[in-house]
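One structure below.
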Amino acid sequence: MYLKIEETIVKLITEAFQKASDRDLLPPVSLPPIELQIPRDNAHGDLASNIAMKVASQARRPPAETAKVILSLIEPELNQDTEIVRIEADPRKGFINFTINPSTLHEALRVILLSPGQWGESKAGEGKTALLEFISANPTGPLTVAHGRQAAVGDVLANLMKKAGFQVDREYYLNDRGRQMKILGSSVYLRRRQLHGEELDFPGEYYQGEYIINLARGIPDDLPVAEGKKFSELSEAEAIEYCGSYASTILLGMIKEELRDFGVKMDGWVSETELVAAGDVEKVLGELAERGSTYEKDDALWFRASSYGDEKDRVLRKSGGDLTYLSSDVAYHQEKYGRGYSAILDFWGPDHHGYIARLKGSMEALGLDPGILEIVIVQLTTLYEGKKKLSMSTRQGEFISLRQVLDEVGKDAARYFFVRRRKESHLDFDLELARSQTNENPVYYVQYAHARINSIFKKYTEKTGLDLPEFGQVDLAHLREPSELEVIKKLILFPGLIESAALTRQPHLLPAYLEDLAAIFHSYYNQHRVIGEDPEMTAARLALARGVQAVIAEGLDILGISAPDSM
RNA sequence: GCGCCUGUAGCUCAGUUGGAUAGAGCACCGGAUUUCUAAUCCGGUGGUCGCAGGUUCAAGUCCUGCCAGGCGUACCA
């Protein structure tokens, strides 16, 4: 809807410049692309153009003067039936300001009312596919708060991209082999022996958390393991391996349960073990070698990462023969490329940023377009309880898990707080605030607007004994109050906001928008009564409220948060 | 040392492709409910946009240098 108005304005301006030069009012100019902006101060109209400043030197006169000429050529064409009803020229800087016809706004609102829940959809990503890989935590312990934020950012971005027309898949990469898994097995094994009364040192590099002891408790001596053998009959090496796979299976189950409670649904799970077993890793190492991107040094196999923008070369196969994490990651990402996605997004913590160059470099070395692979770095979260900073030392094993946060504040508040700030910003997450049912809590502020509107509807049907009107058929022309038009203008911005949040990978724009919209509505609510004497006016205002409710519901749905009917 | 991120009100943070007088919430002060939910609203106090240059008609936004904080700089992931 906004786009159509913008086209109209661009056309009016372009024609005006043509006329101006035809009539010798201005010298001929070659117009740069005409950009429209929404003025911060609504005394400046609904849309503004800075074109007079852009062409100042070409037109050889001050911007304000050019603006005046353009104004005089456009103004006569405006009337109550055009999309634009008013145009002004700013005498100081030279902006040209346009005011939209209320009937244009009413028609936009009607579109929302006719297909609620779909207003935010756009075609920006039409025909494009995207794969978002996030969390991908080793199944060696509970998910952390850092994973929680990555999950929320990744999941919401996936929803946003879907709204913007992309076909989206979510995936979890399971790093279920290698060194970390060995350490997990050993940690559980050692704890188990300690439980059996042995006095043993527990090395610092082992997993320290309490959960390891609980896992160890779950393995009795007579537990039947492979081929009729009992656990107590295994050799030490077999026992450690068994402990590892036993623990990771349980931990993976916990992770899956946690994701479900957090409202994240993965479309795929890719196992590193299976990737290696299928020979994908050896195959990609062969390809890199063929392309001359690897070499042997000190008994290890190296990738020439420094030829692709990394600061140094990287090891693919250690001198002992073990593969590094990088090799399977290269294979995995090559496999992702093979699936033909237009965009491949990985969500990582800031501690992995040094890894970007080598991974993108490896794709380039394989002849793939590194531009398709986007690494999204999501900054860390510090938990607070009011003013008190909570300890999150992983080494001590006393970090706060995502599970604890979920139990404390619930899914809605947790997701909301995780995406509320720019992903580049370090996040301070105050549990006390997220838990509080007060006006300080922005989640409730937005949800309350939704519930409040529902309450108006309920009141209306109770009071009048009538059903709600057919919103798409209501005469909206009664909505003429500035605050009513303000609400509609905000609703109109929604699809563009979704599109921009999706394309710039900035999910935090959505909560900010919803808080704005809720504020505009709460203010309107306190200023005007929806249910009044005049049935037509009441119907129009109910329709306006319905429009707000539909957009808030759609926005909350994208955030993966409930839209309560009452609070 | 080098690389990435950050630096905006007392606190937590927004700030669109560079645009008009830098915004919000919290905190603090003062108000609003015989009527649709006060988890709301209205008003007020509060700023060298880290510092210094540069580009531009116009810089919180772009460029350069510096300062401060976080993270990284493994044959760990």
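List of remarks:
- For chain A, the residue among A:LEU503, A:TYR337, A:HIS44 whose Cα projects farthest onto the positive side of the dipole built from Cβ charges is A:HIS44.
- Fewest neighbouring Cβ atoms within 10 Å first, the residues A:LYS163, A:LYS54, A:LYS360 line up as A:LYS54, A:LYS360, A:LYS163.
- Approximate spin-label separation A:ASP41-A:SER342, in nm, with each point projected 7 Å along Cα-to-Cβ: 4.1 nm
- Rounded to 5, percent antiparallel among DSSP beta bridges of chain A: 50 percent
- Exposure proxy ranking, count of Cβ atoms within 10 Å, fewest first, for A:ASP22, A:ASP310, A:ASP176: A:ASP22, A:ASP310, A:ASP176
- About the Cα centre, charge dipole magnitude for the range A:102-162 (Lys/Arg +1, Asp/Glu -1 at Cβ), debye: 20 debye
- Rounded, prolate or oblate (a/c below 1.5 giving rounded, otherwise prolate when a/b exceeds b/c) for the range A:275-392 by Cα gyration tensor: prolate
- Gain on full stretching of the segment that runs from A:SER500 to A:GLU462 - 0.36 nm per residue minus C-alpha separation: 9.6 nm
- Cβ-based charge dipole, the range A:5-100, positive-most Cα from A:ILE87, A:PRO32, A:PRO76: A:PRO32
- Links that overshoot a 24 Å alpha carbon limit, given the list A:LYS182/A:LYS256; A:LYS123/A:LYS490; A:LYS162/A:LYS411; A:LYS256/A:LYS388; A:LYS387/A:LYS423; A:LYS128/A:LYS312: A:LYS256/A:LYS388; A:LYS128/A:LYS312
- Given charges at beta-carbon only (K, R positive; D, E negative), |dipole| of chain A in Debye: 1040 debye
- Protection proxy ranking, peptides A:490-502, A:105-117, average beta carbon neighbours within 10 Å, highest first: A:490-502, A:105-117
- Averaging the Cα positions of each part gives two centres, and for the range A:266-282 and the range A:491-567 these lie 44 Å apart.
- Net dipole in debye of the range A:344-433 [+1 Lys, Arg Cβ; -1 Asp, Glu Cβ; about Cα centre; nearest 20]: 140 debye
- Remark: spin-label model distance A:GLU65-A:SER562 equals 6.6 nm, labels positioned 7 Å along the Cα→Cβ axis.
- Between helix A:535-559 and chain A there is an angle of about 30 degrees, using the helix long axis and the longest principal axis of the Cα atoms.
- Per residue, the Cα convex hull of the range A:55-115 amounts to 99 Å³.
- Placing pseudo-labels 7 Å out from each Cα toward the beta carbon at A:HIS352 and A:ARG291 gives an inter-label distance of 2.1 nm.
- Projecting the Cα atoms of A:LEU114, A:PRO63, A:ALA16 onto the charge dipole of the range A:1-123 (Cβ charges, centred on the Cα centre) puts A:PRO63 farthest toward the positive pole.
- Annotation: the residues A:MET181, A:MET161, A:MET567, sorted from fewest to most other C-beta atoms within 10 Å of their own C-beta, follow the order A:MET567, A:MET181, A:MET161.
- Amide N of the range A:172-203 lying under 17 Å from the label point, which is placed 7 angstrom from the Cα of A:GLU335 along Cα→Cβ: A:172-178
Just so you know, all these numbers are worked out from the coordinates, no wet-lab data involved. The model shown is predicted, which means the values in this text are computed figures rather than measured ones. In this analysis, Cβ positions are derived from the backbone assuming ideal geometry, glycine residues included, and neighbour counts consider all displayed protein chains.
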